[in-house]
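Presented below is the structure to which this report refers.
What follows draws every value from the coordinates through simple rules; no lab data is involved. Because the structure is a prediction, the values reported are computed rather than measured. Neighbour counts are summed over all protein chains in view; Cβ atoms, including those assigned to glycine, are modelled from backbone coordinates with ideal geometry.
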Amino acid sequence: MSVISQEEKIKAVVKAMDSKLAEDIQLIGIKDLTIVADYFVIANGTSNTQTKAIADEVEFKLKQQGIEPLRIESDPSSTWVILDYGDIVVHVFYKETRNYYNLERLWSDGEKCDVEKYLKD
């Protein structure tokens, strides 16, 4: 089991998404709203192939640090993938699927965090 901080885990997720050219990466703090997780990280790809590649890269980068997802859910055509790391839930969507589910609206009471700080260095 790895002992990296939650901040480091978020940074690894955001950097992995960015490395696969994920669009519109959002970090929403939800710990005051639900017991499901502390944060949602949401992004999208422009194709099913890219969507799967983004999710695979997140999983790979965290696995390198000894962190395994508790659960992975996806649809057969890779229009969405969810990686559940307990305190952080990663949502990767195909662009149209993201617009349909609109998690940002559903969790609009959450704290919108700046992802740019995780992309520096």
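What residue among Tyr94, Leu21, Val115 has its Cα farthest toward the positive end of the dipole of the chain, where the charges are +1 on Lys, Arg and -1 on Asp, Glu, each on the Cβ? Of Tyr94, Leu21, Val115, it is Leu21.
Under the Kirkwood approximation applied to all pairs of distinct alpha-carbon atoms, what is the hydrodynamic radius of region 6-103 in Å?
Numbers: mean 1/r = 0.0765 Å⁻¹.
Value: 13.1 Å, from the Cα pair sum.
To the nearest 20 debye, what charge dipole does the chain have about its Cα centre, counting +1 at the Cβ of each Lys and Arg and -1 at the Cβ of each Asp and Glu? Don't skip to the end; give the middle numbers.
On the way: 15 positive and 22 negative charges, 44 e Å.
The dipole of the chain has a size of about 220 debye.
Taking the Cα centre of region 32-78 as the origin and placing charges on Cβ (Lys, Arg +1; Asp, Glu -1), which of Val36, Ile54, Ile72 is farthest toward the positive end of the dipole? Looking along the dipole axis, the top candidate is Ile54.
Counting other Cβ atoms within 10 Å as a rough exposure proxy, the listed residues Ile72, Ile42, Ile54, Ile67 run Ile72, Ile67, Ile42, Ile54 from fewest neighbours to most.
How would you rank Tyr100, Tyr85, going from fewest to most other Cβ atoms within 10 Å of each one's own Cβ? Could the numbers behind the result be given before it?
On the way: Tyr100 11, Tyr85 23.
Final ranking by Cβ density, sparse to dense: Tyr100, Tyr85.
Mean residue ellipticity, 222 nm, helices only, the chain: the sum of -39500 (n - 2.57) across DSSP H runs of n ≥ 4, divided by residue count and rounded to 500, is -11000 deg cm²/dmol. Here each label is just a point 7 Å from Cα along the line to Cβ, and for Glu7 and Ser74 those points are 3.2 nm apart.
Find how much the distance from Thr46 to Ser108 grows on full extension, using 0.36 nm per residue of separation minus their present alpha carbon separation; answer in nm with one decimal. Show your work: numbers first, answer last.
Details: separation 62, 0.36 × 62 = 22.32 nm, distance 2.36 nm.
Gain on extension, Thr46 to Ser108, equals 20.0 nm.
Think of each Lys and Arg Cβ as +1 and each Asp and Glu Cβ as -1; about the Cα centre, that makes the dipole of region 66-121 roughly 180 debye. For Tyr94, the residues 5 or more places off, or on other chains, whose built amide H falls under 5 Å of its own are Gly45, Trp80.
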